[in-house]
Amino acid sequence: MTREEAEWADSIFKKFPNRNGILLSHDYIVPSTNPDGRGAGFSAPDGSMLYKTVVEKNSNVFLILAGHEHGVGTNVKPKVGQVGKGVVELLADYQFYTVSADRLGLTEIGGYNPTDQLQFGASFFRLLQFDVERAELTVDTCSPLLNDFGATEFERTTWCCRSISPPARRASRPTRWRSTSPPGSPTAPPTWL
(Lines give C-alpha, C1' and ligand atoms only; values in the text may rest on other atoms or scores of the structure.)
Protein backbone atom coordinates (compact mmCIF):
# COMPACT_ATOMS: atom_id res chain seq x y z
CA MET A 1 0.00 0.00 0.00
CA THR A 2 1.31 3.42 -0.85
CA ARG A 3 1.05 6.51 1.34
CA GLU A 4 -1.21 8.02 -1.34
CA GLU A 5 -3.60 5.06 -1.07
CA ALA A 6 -3.65 5.33 2.75
CA GLU A 7 -4.37 9.05 2.51
CA TRP A 8 -7.22 8.32 0.09
CA ALA A 9 -8.71 5.85 2.63
CA ASP A 10 -8.29 8.49 5.34
CA SER A 11 -10.18 11.01 3.20
CA ILE A 12 -13.09 8.60 2.72
CA PHE A 13 -13.46 7.97 6.46
CA LYS A 14 -13.24 11.73 7.08
CA LYS A 15 -15.93 12.34 4.45
CA PHE A 16 -18.36 10.14 6.42
CA PRO A 17 -17.51 10.84 10.10
CA ASN A 18 -20.97 9.87 11.38
CA ARG A 19 -20.85 6.37 9.89
CA ASN A 20 -19.21 3.34 11.45
CA GLY A 21 -16.13 2.44 9.42
CA ILE A 22 -14.52 -0.90 8.64
CA LEU A 23 -11.05 -0.85 7.12
CA LEU A 24 -10.21 -3.83 4.91
CA SER A 25 -6.56 -4.33 4.16
CA HIS A 26 -4.70 -7.11 2.45
CA ASP A 27 -1.75 -6.72 4.84
CA TYR A 28 -2.23 -5.08 8.26
CA ILE A 29 -1.18 -7.36 11.14
CA VAL A 30 0.88 -10.54 11.39
CA PRO A 31 -0.22 -13.77 13.05
CA SER A 32 0.07 -13.90 16.80
CA THR A 33 2.33 -16.44 18.46
CA ASN A 34 -0.12 -16.68 21.39
CA PRO A 35 -2.53 -19.63 21.51
CA ASP A 36 -5.54 -17.30 21.76
CA GLY A 37 -4.48 -15.17 18.79
CA ARG A 38 -4.03 -11.98 20.79
CA GLY A 39 -1.09 -9.64 20.58
CA ALA A 40 -0.58 -9.58 16.84
CA GLY A 41 1.99 -7.05 15.67
CA PHE A 42 1.79 -4.78 12.65
CA SER A 43 2.90 -6.12 9.30
CA ALA A 44 5.63 -4.26 7.49
CA PRO A 45 5.35 -1.80 5.91
CA ASP A 46 1.55 -1.44 5.59
CA GLY A 47 0.25 -2.05 9.11
CA SER A 48 1.89 0.74 11.05
CA MET A 49 1.35 3.26 8.25
CA LEU A 50 -2.36 2.42 8.01
CA TYR A 51 -2.75 2.60 11.77
CA LYS A 52 -1.13 6.04 11.97
CA THR A 53 -2.66 7.44 8.78
CA VAL A 54 -6.19 6.03 8.97
CA VAL A 55 -7.12 4.28 12.22
CA GLU A 56 -5.76 6.75 14.78
CA LYS A 57 -7.13 9.75 12.92
CA ASN A 58 -10.70 8.54 12.34
CA SER A 59 -12.93 7.94 15.33
CA ASN A 60 -15.47 6.17 13.11
CA VAL A 61 -13.08 3.29 12.27
CA PHE A 62 -13.92 0.51 14.71
CA LEU A 63 -12.92 -2.67 12.87
CA ILE A 64 -9.93 -3.65 10.73
CA LEU A 65 -10.01 -6.90 8.73
CA ALA A 66 -6.85 -8.32 7.17
CA GLY A 67 -5.41 -11.37 5.48
CA HIS A 68 -2.19 -12.11 3.54
CA GLU A 69 -0.18 -13.45 6.49
CA HIS A 70 -0.92 -17.14 7.06
CA GLY A 71 -2.53 -17.54 10.47
CA VAL A 72 -4.72 -15.69 12.95
CA GLY A 73 -4.32 -12.48 14.93
CA THR A 74 -6.65 -10.49 17.16
CA ASN A 75 -6.18 -7.19 18.91
CA VAL A 76 -8.79 -5.40 20.98
CA LYS A 77 -7.64 -1.84 21.58
CA PRO A 78 -10.02 0.04 23.90
CA LYS A 79 -8.46 3.51 23.51
CA VAL A 80 -7.12 4.62 20.14
CA GLY A 81 -6.44 8.14 18.92
CA GLN A 82 -7.31 11.44 20.57
CA VAL A 83 -10.92 10.54 21.37
CA GLY A 84 -9.98 7.16 22.87
CA LYS A 85 -12.32 5.10 20.69
CA GLY A 86 -12.29 1.31 20.60
CA VAL A 87 -10.87 -0.69 17.71
CA VAL A 88 -10.86 -4.43 16.94
CA GLU A 89 -8.17 -5.75 14.56
CA LEU A 90 -8.64 -9.20 13.01
CA LEU A 91 -6.39 -11.29 10.78
CA ALA A 92 -7.58 -14.57 9.31
CA ASP A 93 -5.79 -16.48 6.58
CA TYR A 94 -6.37 -20.23 6.42
CA GLN A 95 -4.82 -21.03 3.06
CA PHE A 96 -2.12 -23.26 4.59
CA TYR A 97 -4.66 -25.28 6.57
CA THR A 98 -4.33 -28.94 5.61
CA VAL A 99 -7.03 -31.60 5.33
CA SER A 100 -6.68 -35.30 4.55
CA ALA A 101 -7.56 -36.50 1.05
CA ASP A 102 -9.93 -39.01 2.65
CA ARG A 103 -11.90 -36.28 4.46
CA LEU A 104 -12.21 -34.40 1.19
CA GLY A 105 -13.32 -37.46 -0.74
CA LEU A 106 -10.31 -37.24 -3.06
CA THR A 107 -8.81 -40.69 -2.57
CA GLU A 108 -9.78 -41.83 -6.05
CA ILE A 109 -8.83 -38.64 -7.85
CA GLY A 110 -5.25 -37.84 -8.79
CA GLY A 111 -3.77 -40.81 -6.95
CA TYR A 112 -4.03 -39.33 -3.42
CA ASN A 113 -3.62 -41.64 -0.46
CA PRO A 114 -6.28 -41.29 2.26
CA THR A 115 -3.74 -39.81 4.69
CA ASP A 116 -2.25 -37.29 2.23
CA GLN A 117 -2.58 -33.81 3.67
CA LEU A 118 -3.78 -31.34 1.04
CA GLN A 119 -3.05 -27.69 1.57
CA PHE A 120 -5.74 -25.40 0.18
CA GLY A 121 -7.44 -23.68 3.10
CA ALA A 122 -10.34 -26.13 3.37
CA SER A 123 -12.70 -23.29 2.48
CA PHE A 124 -12.58 -21.79 5.97
CA PHE A 125 -13.83 -18.24 6.25
CA ARG A 126 -14.93 -15.82 8.92
CA LEU A 127 -18.58 -15.03 9.54
CA LEU A 128 -19.08 -11.68 11.28
CA GLN A 129 -22.43 -11.01 12.92
CA PHE A 130 -23.31 -7.53 14.11
CA ASP A 131 -25.98 -7.05 16.77
CA VAL A 132 -26.46 -3.30 16.59
CA GLU A 133 -29.08 -3.14 19.36
CA ARG A 134 -26.75 -4.88 21.81
CA ALA A 135 -23.59 -3.29 20.33
CA GLU A 136 -21.95 -6.70 19.87
CA LEU A 137 -19.79 -8.33 17.22
CA THR A 138 -19.64 -12.12 17.04
CA VAL A 139 -17.00 -13.86 14.91
CA ASP A 140 -17.29 -17.50 13.84
CA THR A 141 -14.93 -19.47 11.62
CA CYS A 142 -16.53 -22.10 9.42
CA SER A 143 -16.05 -24.31 6.37
CA PRO A 144 -19.17 -25.22 4.37
CA LEU A 145 -17.04 -27.69 2.42
CA LEU A 146 -16.15 -29.63 5.57
CA ASN A 147 -19.37 -28.80 7.43
CA ASP A 148 -17.13 -27.62 10.26
CA PHE A 149 -17.15 -24.60 12.55
CA GLY A 150 -13.73 -25.47 13.93
CA ALA A 151 -10.71 -24.14 12.11
CA THR A 152 -8.07 -25.29 14.54
CA GLU A 153 -5.68 -23.23 12.45
CA PHE A 154 -2.31 -24.92 11.95
CA GLU A 155 -2.78 -28.16 13.84
CA ARG A 156 0.95 -28.71 14.09
CA THR A 157 1.33 -25.57 16.26
CA THR A 158 -0.10 -24.56 19.62
CA TRP A 159 -3.53 -23.57 18.28
CA CYS A 160 -6.26 -25.60 19.91
CA CYS A 161 -9.16 -23.17 19.76
CA ARG A 162 -12.07 -23.78 17.41
CA SER A 163 -12.57 -20.04 17.21
CA ILE A 164 -10.72 -17.24 18.90
CA SER A 165 -11.63 -17.12 22.54
CA PRO A 166 -10.61 -14.99 25.51
CA PRO A 167 -7.47 -16.02 27.41
CA ALA A 168 -7.79 -19.01 29.73
CA ARG A 169 -10.81 -20.42 27.91
CA ARG A 170 -10.08 -22.59 24.91
CA ALA A 171 -13.50 -24.02 24.27
CA SER A 172 -15.22 -23.96 20.92
CA ARG A 173 -17.34 -20.84 20.86
CA PRO A 174 -17.64 -17.63 18.91
CA THR A 175 -15.65 -14.56 19.84
CA ARG A 176 -17.76 -11.70 21.11
CA TRP A 177 -17.08 -8.08 21.87
CA ARG A 178 -19.46 -5.62 23.45
CA SER A 179 -19.39 -1.88 23.37
CA THR A 180 -20.14 0.04 26.55
CA SER A 181 -21.58 2.98 24.61
CA PRO A 182 -24.97 3.21 22.91
CA PRO A 183 -25.32 1.55 19.48
CA GLY A 184 -23.93 3.66 16.67
CA SER A 185 -21.55 5.54 18.94
CA PRO A 186 -18.16 5.84 17.22
CA THR A 187 -16.36 6.17 20.59
CA ALA A 188 -17.56 2.89 22.06
CA PRO A 189 -14.60 0.96 23.52
CA PRO A 190 -14.88 -2.78 22.82
CA THR A 191 -14.57 -5.32 25.62
CA TRP A 192 -14.48 -9.13 25.61
CA LEU A 193 -17.67 -10.91 26.67
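The values are calculated or read from the model by the stated rules, or taken from the named source; none is laboratory data. Keep in mind that what you see is a predicted model, and the values were worked out from it rather than measured. No Cβ is skipped: glycine too gets one built from the backbone with ideal geometry, and neighbour counts run over all protein chains shown. All accessible areas refer to the heavy atoms of the entire protein, side chains included, with ligands and DNA or RNA removed. Shrake-Rupley method; radii C 1.70, N 1.55, O 1.52, S 1.80 Å.
Across the options S123, H68, I109, the greatest Cα extent toward the positive end of the charge dipole of the range 51-154 (unit charges at beta carbon of Lys, Arg, Asp, Glu) belongs to H68.
Close amide H contacts of S32 (hydrogens built in the peptide plane, cut-off under 5 Å, sequence separation of 5 or more or a different chain): V72, G73, T74. The phi-based Karplus calculation (6.51 cos²θ - 1.76 cosθ + 1.60; θ = phi - 60°) puts the 3J(HN,Hα) values of the range 101-115 at 4, 5, 4, 8, x, 10, 6, 9, 10, x, x, 6, 7, x, 8 Hz, whole numbers, x for Gly and Pro.
Accessible surface calculations at 1.4 Å, restricted to protein heavy atoms, place the range 66-108 at 42 Å² per residue.
Amide H contacts of D148: S143, each under 5 Å away and 5 or more positions distant or on a separate chain (H built 1.01 Å from N in the peptide plane; Pro and chain starts excluded). For the pair S11 and Q119, a Förster radius of 35 Å applied to the C-beta separation gives a FRET efficiency near 0.30, rounded to the nearest 0.05. Converting phi to 3J(HN,Hα) with the Karplus coefficients 6.51, -1.76 and 1.60 and the offset θ = phi - 60°, the range 38-54 yields 7, x, 6, x, 6, 7, 10, x, 5, x, 4, 5, 5, 4, 6, 7, 10 Hz in sequence order, with x at every glycine or proline.
For the range 103-148 and the range 51-96, what is the separation of their C-alpha centers, rounded to whole Å? With the range 103-148 and the range 51-96 each reduced to a Cα centre, they are spaced 23 Å.
Farthest toward the positive end of the dipole of the range 19-82, out of S59, P45, S25, is the Cα of S59, where the dipole comes from beta carbon charges about the Cα centre. With contacts taken as Cα pairs under 8 Å at a separation of at least 6 residues, the range 1-150 carries a relative contact order of 17 percent. E69 contributes an accessible area of around 60 Å² to the protein surface, as traced by a 1.4 Å probe with all chains present.
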